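To start, the structure under review is shown below, and the notes come after it.
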Amino acid sequence: MQVVGFTILRNGLIMDYPFQESILSALPLCDVFIVSVGQSEDDTYQAVLELARAHPTIQVRQSTWDLSNRQGGSVLAIETNKVLDSLPAADWVLYLQADEVIHEEDYNAIRRAMQENLKDLRVEGLLFEYVHFYGSYAWVGDSRRWYRREVRVIRPWRDIRAYRDAQGFRRRGRKLWVRPTGARIFHYGWVRPPQKQTEKLRHLHRYWHEDAWIEATLQKGFSYDLNQLLRRFEGTHPALMNKRIAAAQWDFPYDPEKVRLPWKECVLHWIERKTGWRIGEFRNYRLL
């Protein structure tokens, strides 16, 4: 069974992405891992080259992103599709975003799902559970604001394309037929000091919005929303994240007792807690 992994990346150091941890977390599952690096304003490319020198499984490519394209994050899908169009032969493709890390405890579950579904060509992708950290490494999103699952392993078929801003994939415009892996993706996109989060958003918003909108939105800097449903994380982080987590020092004064939500959100959350049913949930996949 041949597995190719890949990610796209630009300004990873400025945006304080855990991209090195992300890449390394995928290597035990992949025969080859491709990192496509866009033109950056920092030393991201050099950092990836250094990582590749230590890990020959990594292949580094350079790409020129069209920074004039600010339509709904579509430049991210365009860059993802560039890689999809030039992959080496494989049975499965593992895709990670630069703020997503796989836990070592889940490798066996992922391998098992790949192997068990290898010959069933009805299966176009494999589904992962998401753990979204917010504000600190101790709290995770526990509301409808956070998507619960997404596809991160797909078939290497040319008609499977990145969807919208490359959060997921579609085949000939329709949702993929998938099976669950039972494995998790640890998402760290909203965990960094507020000043670094401001800088990240200043760059990231350029794939969606014009400069005037960005400056108006971020003129006072970023501050974490403390009036939302979070739950304390119980468990372990991927071991690759331990050094980064140990260095975290910013204050995140979240107090669940102070959260006051609209009654409708409270009712929907109560229903989900009691039944597991998220009313109106958007699912960019179809379960087999």
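The values are calculated or read from the model by the stated rules, or taken from the named source; none is laboratory data. Computed from a prediction, not measured in an experiment: that's the story for all the values here. Neighbour counts are summed over all protein chains in view; Cβ atoms, including those assigned to glycine, are modelled from backbone coordinates with ideal geometry. Areas reflect the complete protein model, heavy atoms only, side chains present, ligands, DNA and RNA absent. Shrake-Rupley method; radii C 1.70, N 1.55, O 1.52, S 1.80 Å.
Data overview
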{"item": "The chain, helix-only ellipticity at 222 nm - DSSP H runs n ≥ 4, -39,500 (n - 2.57), divided by all residues, nearest 500", "result": "-7500 deg cm²/dmol"}
{"item": "Dipole moment magnitude, nearest 20 debye, the chain about Cα centre, only Lys, Arg, Asp, Glu C-beta charged", "result": "1160 debye"}
{"item": "Cα-centred dipole magnitude for segment 1-86, charges only on beta-carbon of K, R (+1) and D, E (-1), debye, nearest 20", "result": "200 debye"}
{"item": "Given charges at Cβ of Lys, Arg, Asp, Glu: the chain dipole, positive-most of Leu287, Pro180, Leu204", "result": "Leu287"}
{"item": "List His187, His269, ordered by accessible area with a 1.4 Å probe, largest first", "result": "His269, His187"}
{"item": "Straight-distance crosslink candidates among aspartates and glutamates, where the alpha carbon sits under 16 Å from Lys200 and sequence neighbours closer than 8 are dropped", "result": "Asp16, Glu41, Asp42, Asp43, Asp99, Glu100, Glu210, Asp211, Glu215"}
{"item": "Potential extension, Val267-Gln249 segment - 0.36 nm per residue separation minus Cα distance", "result": "2.9 nm"}
{"item": "Test item: Cα-centred dipole of segment 201-268, Lys/Arg +1 and Asp/Glu -1 on Cβ, debye", "result": "180 debye"}
{"item": "Accessible solvent surface per residue of segment 137-284, calculated while the other protein chains remain in place, 1.4 angstrom probe, Å²", "result": "58 Å²"}
{"item": "For segment 101-176: rounded, prolate or oblate by the Cα gyration tensor [a/c cutoff 1.5]", "result": "oblate"}
{"item": "Alpha-carbon Rg with Dmax, taken over segment 83-135, Å", "result": "13.3, 42"}
{"item": "Extension gain from Lys196 to Met1, taking 0.36 nm per residue of separation minus the Cα-Cα distance", "result": "66.2 nm"}
{"item": "Among beta bridges that DSSP assigns inside the chain, antiparallel share in %, nearest 5", "result": "45 percent"}
{"item": "25 °C / 0.890 mPa s Stokes-Einstein diffusion coefficient of segment 182-288, Kirkwood radius on C-alpha pairs, µm²/s", "result": "140 µm²/s"}
{"item": "Sequence-distant lysines (8 or more away, or on other chains) whose Cα lies within less than 30 Å of Lys274", "result": "Lys175, Lys258, Lys264"}
{"item": "Rounded D (µm²/s) - segment 51-163, Kirkwood Rh over Cα pairs, Stokes-Einstein at 25 °C, 0.890 mPa s", "result": "147 µm²/s"}
{"item": "Pairwise FRET efficiency - Glu257 versus Leu288, Cβ, R0 = 30 Å, nearest 0.05", "result": "0.10"}
